[in-house]
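> This is the structure I have questions about; it appears just below.
The values are calculated or read from the model by the stated rules, or taken from the named source; none is laboratory data. Keep in mind that this is a model prediction, so the values were computed, not measured. For neighbour counting, all protein chains shown are included, and Cβ atoms are generated from backbone atoms with ideal geometry for every residue, glycine included. Side chains are part of the model used for accessible areas, which takes the heavy atoms of the whole protein and leaves out ligands, DNA and RNA. Shrake-Rupley method; radii C 1.70, N 1.55, O 1.52, S 1.80 Å.
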Amino acid sequence: MIPPLPDHMLRQLGRTEGDADTLRVLVRDQDTRRLVLLRALLDAAGAAPTTVCPPRALDRLRQDWALLEKADRADRTAVRTVLLHPLVGPWAQRCLRGLAGPGPGSGTAPELRADLDHLSALAAAAAIRAGIPFTTRLTAHDGLLPLPTLGALRTAHEASGTVDVTFREGELTLHDLSAGPPLVARTHPDGTTGSADPRWLPVLALPAVQHGIGPVPLDDVDPYRTDGRGPQPHGLSTATRVDDHARKTWAESWAAVAPLLRIGGEHRLTEVAVLLRCLVPLGPPPGSGPAGDSAAHCSGTRREAFGAVLSSRPATPAHFASTLVHELQHTKLSALCALVPLHHEDAEPRHFAPWRPDPRPFDGLLQGAYSHLALADYWQRFALGARRVTHRGLAWAEHARCREQVGAVLPALAGSAALTREGRMLVNEMIALYHRLDHCPPPAGHLARAEAYVATTKVIWQQRNGP
């Protein structure tokens with residue numbers, strides 16, 4: 001979407017770094033792709049057969065688009081907050097699949113109708129943020145009417161139902177036509193909402209980690225925060241709602257994250273400030289017990305949801321910080337791959353990766369090595385900068401494990417003949433960083449345990465998958 005990255009920026013990214021200017025190039029490309037995707041959705045609706053998108057649905061889509069354009073003229077920044085919200089990406093792609101008609105991955109007619117209704121909620125949320133007065137009627141599904149980035153109304157019935165929505169002078173009124181009096185919520189200058197009515201479920205805004213940027217929403221109400229197909233693969237749990245106690249725990253842990261990130265280098269804080277747009281809370285990982293194991297944790301990202309990190313509640317602020325370091329490397333590398341091809345390898349899962357029990361395709365191997373290399377660098381800096389002995393012990397153990405894991409797969413990456421020029425430059429910088437970590441080796445005990453761990457993992461992997 002934009003010209004390729006200059007080599008000096010690519011080298012920064014190869015070292016798992018990237019200053020604000022470099023990261024904003026990736027962000028600008030992803031934002032452009034999102035806006036093109038949304039326009040493609042409207043065009044696809046207009047081109048779809050009437051059996052897929054009836055005239056009434058198309059007319060409503062165009063009305064919603066007109067409200068978006070009106071809000072955009074009033075306050076473009078406010079509208080972009082909604083349209084560039086990470087969870088709009090999965091919704092838009094799901095709509096496009098549905099509008100393409102019957103086929104793998106396309107939805108049924110009721111599912112598509114519910115998906116298309118979501119544009120009305122997006123337009124309403126954008127108008128609210130832009131301060132545009134309006135009155136409209138929205139459709140709630142599964143007992144919930146979400147207003148993306150703001151919150152959601154919990155309706156009286158689990159089935160679909162209509163809700164009258166009015167917004168004027170900072171006051172939002174929602175009337176669930178199925179039951180109950182109207183709900184009134186107020187918007188605040190920081191973009192959050194509040195109401196004394198328990199039916200309103202506001203999105204918690206975590207404070208900005210740097211001055212000049214917005215807060216980070218902890219979004220536990222958006223219906224598109226996971227793919228909606230139940231338990232997720234590779235140890236991820238499903239999305240969850242957070243109660244008042246959990247919100248307090250998230251907020252307390254978040255408050256301690258910024259100084260911990262800074263120990264790992266100022267660039268780690270910059271990554272969070274520039275790339276992180278929302279957190280999606282997940283439940284305890286599968287197998288952690290009915291009450292959840294405080295030490296168990298799972299996290300992930302979705303390529304179609306740029307800027308979102310999905311995570312179960314971290315046990316400590318230090319693990320919260322390392323989760324952000326880990327997952328934002330995937331965000332960063334995925335955005336880079338969309339901008340610049342790094343390799344021409346096929347998608348056959350054949351490679352050993354010490355962090356996964358199954359064979360990995362080359363692209364997955366590159367993603368995993370990149371994120372674990374960043375963790376090895378982060379934990380080494382943390383160990384060298386930590387004041388408490390217990391923190392240093394944890395950091396050296398994590399550093400040694402991640403470094404040994406990366407060392408086990410770098411030969412496969414470096415030996416690929418399918419790397420592009422940019423891919424070769426990226427991998428060479430990764431190798432240089434890997435060797436630079438040797439300048440401050442971990443204590444011998446941590447190193448020996450890490451070497452034994454990776455060796456054992458490889459034996460088990462070969463027994464399961466073959467040599």
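> Looking at R15, is it under 18 Å from H118 (Cα atoms) and open to solvent by 50 Å² or more (accessible area, probe 1.4 Å)?
It is false that R15 is under 18 Å from H118 (Cα atoms) and open to solvent by 50 Å² or more (accessible area, probe 1.4 Å).
> When region 410-467 is examined, which residues are found to be in contact with an Asp or Glu (Cβ under 8 Å, 6 or more places away or on another chain), in a helix (DSSP H, G or I) and open to solvent by less than 40 Å² (accessible area, probe 1.4 Å)?
M425, L433, L437, A450, V454
Residues are listed down the side, and each one gets a yes or a no for (1) in a loop (DSSP other than H, G, I, E, B); (2) open to solvent by 30 Å² or more (accessible area, probe 1.4 Å); (3) among the polar types (S, T, N, Q); (4) at pLDDT 95 or above:
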| position | (1), (2), (3), (4) |
| --- | --- |
| R262 | no, yes, no, no |
| L269 | no, no, no, yes |
| A273 | no, no, no, yes |
| P281 | no, no, no, yes |
| P286 | yes, yes, no, no |
| A295 | yes, yes, no, no |
| V325 | no, no, no, yes |
| T331 | no, no, yes, yes |
| E345 | yes, yes, no, yes |
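> What number of residues within region 186-210 are among the hydroxyl-bearing types (S, T, Y), within 30 Å of R262 (Cα to Cα) and outside any loop (DSSP other than H, G, I, E, B)?
Number of matching residues: 0.
> Scan T173, T162 and give me the residue that is at pLDDT below 95 and assigned to a strand (DSSP E or B).
T162
> Further question on the same structure: Looking at region 390-397, can you tell me whether even one residue there is touching a strand residue (DSSP E or B) at 6+ places or on another chain (Cβ under 9 Å) and either at pLDDT 95 or above or polar (S, T, N, Q) (or both)?
no
> What single numbered condition from (1) without any contact (Cβ under 8 Å) to a residue 40 or more places away in the chain; (2) open to solvent by 40 Å² or more (accessible area, probe 1.4 Å); (3) assigned to a helix (DSSP H, G or I) fails to hold for Q367?
Of (1) without any contact (Cβ under 8 Å) to a residue 40 or more places away in the chain; (2) open to solvent by 40 Å² or more (accessible area, probe 1.4 Å); (3) assigned to a helix (DSSP H, G or I), only one is false for Q367: (2).
> Any idea how many residues of region 104-156 are farther than 20 Å from T187 by Cβ, of a type in the set (S, T, Y) and buried (at least 22 other Cβ atoms within 10 Å of the Cβ)?
Count: 1.
> Now a separate question. Could you please tell me which pairs satisfy a Cβ distance under 9 Å, a separation of 6+ or placement on different chains, a first residue in region 188-204 that is buried (at least 17 other Cβ atoms within 10 Å of the Cβ), and a second residue that is in a strand (DSSP E or B) and aromatic (F, W, Y)?
Between residues of region 188-204 that are buried (at least 17 other Cβ atoms within 10 Å of the Cβ) and residues that are in a strand (DSSP E or B) and aromatic (F, W, Y), the close pairs are T193/W200.
> Same structure, new question: Is it fair to say D29 is open to solvent by 50 Å² or more (accessible area, probe 1.4 Å) and not aliphatic (A, V, I, L, M)?
No, not satisfied.
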